Amino acid sequence: MSLKLGDTVPDFVQDSTEGPLQFHDWAGDSWVVLFSHPKDYTPVCTTELGTVARLKPEFDKRRVKVLGLSVDPVDSHEGWARDIEETQGTALNFPLIADHDRKVSDLLDLIHPKASDTTTVRTVLVIDPAKKLRLTLTYPASTGRNFAEILRTIDSLQLTDSHKVATPADWRQGDDVIIVPSVDDATAEALFPQGWTAQKPYLRLVRQPEAAR
């Protein structure tokens, strides 16, 4: 199947480094970042897994669970995890799916035949607590993922789910946000009593409200 934004991410059961993992039960009421890797013992992915392990406290405070996936079996993952800890200085602290039969890769459309018939592309799926797909990113094999950007997009999603705002280009936590066009000025006065700056009638900047997590 080909997942689109807003689709429900289907449930699955698969082996992982933390035992059999049933996705919907494991996710619970948390956000999830699921990110796939072509195979074990690949250099770029080794750095990525170490980076995510270091950033896990940042994901935790956003109520986000992290889940990796690679198409090799658990025993291979365990050996790779030792290499990750040795070279990146951080032990793997989240589950890594052992998708040895490509069941999850096929279910989530992570194998792109023009890239490889047998290994997953390097995709990021951001999934909300309702199991809806909210964001996808797919990277070429040569380019490591920017996990600071993934955290930024989660901040934006959580903020804009809580308030009638959107985030502008290059937005960071604490920057002004945009009142969405569907909110008229009369409604905006009640929602944002501190006022806003209207650069154009459709472009109204307001101080960032607090996100609900």
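Mind checking whether some residue in the stretch 170-183 is small (Gly, Ala, Ser) and more than 19 Å from residue 33 (Cβ to Cβ)?
There is at least one residue in the stretch 170-183 that is small (Gly, Ala, Ser) and more than 19 Å from residue 33 (Cβ to Cβ).
List the number of the failed condition for residue 104; all other conditions in (1) over 19 Å from residue 136 (Cα atoms); (2) in contact with a Phe, Trp or Tyr (Cβ under 8 Å, 6 or more places away or on another chain) hold.
The failed condition is (1).
Could you tell me whether any residue of the stretch 107-114 is farther than 22 Å from residue 136 by Cα, open to solvent by less than 80 Å² (accessible area, probe 1.4 Å) and either of a type in the set (Gly, Ala, Ser) or at pLDDT below 95 (or both)?
no
Please verify whether residue 170 is acidic (Asp, Glu) and either more than 22 Å from the chain's Cα centre (by Cα) or assigned to a helix (DSSP H, G or I) (or both), treating the condition exactly as stated.
no
So residue 142 passes all but one of these: (1) under 16 Å from the mean Cα position of the chain (by Cα); (2) open to solvent by 40 Å² or more (accessible area, probe 1.4 Å); (3) among the polar types (S, T, N, Q). Which condition number does it fail?
(1)
Restricting attention to the stretch 22-44, which residues are farther than 19 Å from residue 152 by Cβ, at pLDDT 95 or above and crowded, with 19+ Cβ neighbours inside 10 Å?
23, 27
Just to be sure I understand, how many residues within the stretch 12-21 are free of Cβ contacts under 8 Å to residues at least 24 places away in the same chain and either open to solvent by 30 Å² or more (accessible area, probe 1.4 Å) or on the phi < 0 side of the Ramachandran plot (or both)?
Residues flagged as free of Cβ contacts under 8 Å to residues at least 24 places away in the same chain and either open to solvent by 30 Å² or more (accessible area, probe 1.4 Å) or on the phi < 0 side of the Ramachandran plot (or both) within the stretch 12-21 amount to 2.
Restricting the stretch 184-213 to residues that are touching a Phe, Trp or Tyr at 6+ places or on another chain (Cβ under 9 Å) and closer than 18 Å to residue 157 by Cα, which is least open to solvent (accessible area, probe 1.4 Å)?
Looking at the filtered set, the residue picked out is 206.
When you look at residue 69, is it within 14 Å of residue 33 (Cβ to Cβ), modelled with pLDDT of 90 or more and in contact with a Gly (Cβ under 8 Å, 6 or more places away or on another chain), yes or no?
no
Before we move on, is residue 128 at pLDDT 90 or above, over 23 Å from residue 75 (Cα atoms), acidic (Asp, Glu) and open to solvent by less than 50 Å² (accessible area, probe 1.4 Å)?
So residue 128 passes the test.
Kindly evaluate residue 65 against the criterion of being surrounded by fewer than 16 Cβ atoms within 10 Å (Cβ to Cβ), in contact with a strand residue (DSSP E or B) (Cβ under 7 Å, 6 or more places away or on another chain) and either under 20 Å from residue 145 (Cβ atoms) or of a type in the set (A, V, I, L, M, F, W, C) (or both).
No.
Collect the residues in the stretch 126-176 that are free of Cβ contacts under 8 Å to residues at least 12 places away in the same chain and closer than 17 Å to residue 68 by Cβ, keeping them in residue-number order.
Across the stretch 126-176, the qualifying residue is only 146.
Residue 8 - would you say it is closer than 20 Å to residue 109 by Cα, open to solvent by 60 Å² or more (accessible area, probe 1.4 Å) and not basic (Lys, Arg)?
Yes.
Of these, 82, 54, which one is part of a helix (DSSP H, G or I), surrounded by fewer than 20 Cβ atoms within 10 Å (Cβ to Cβ), over 17 Å from the mean Cα position of the chain (by Cα) and free of Cβ contacts under 8 Å to residues at least 60 places away in the same chain?
Result: 82 is the single residue among 82, 54 that is part of a helix (DSSP H, G or I), surrounded by fewer than 20 Cβ atoms within 10 Å (Cβ to Cβ), over 17 Å from the mean Cα position of the chain (by Cα) and free of Cβ contacts under 8 Å to residues at least 60 places away in the same chain.
The values are calculated or read from the model by the stated rules, or taken from the named source; none is laboratory data. This structure is a prediction, so every number in the text was calculated from the model and none was measured. Neighbour counts are summed over all protein chains in view; Cβ atoms, including those assigned to glycine, are modelled from backbone coordinates with ideal geometry. Surface areas here come from the heavy atoms of the whole protein model, side chains and all, with no ligands, DNA or RNA. Shrake-Rupley method; radii C 1.70, N 1.55, O 1.52, S 1.80 Å.
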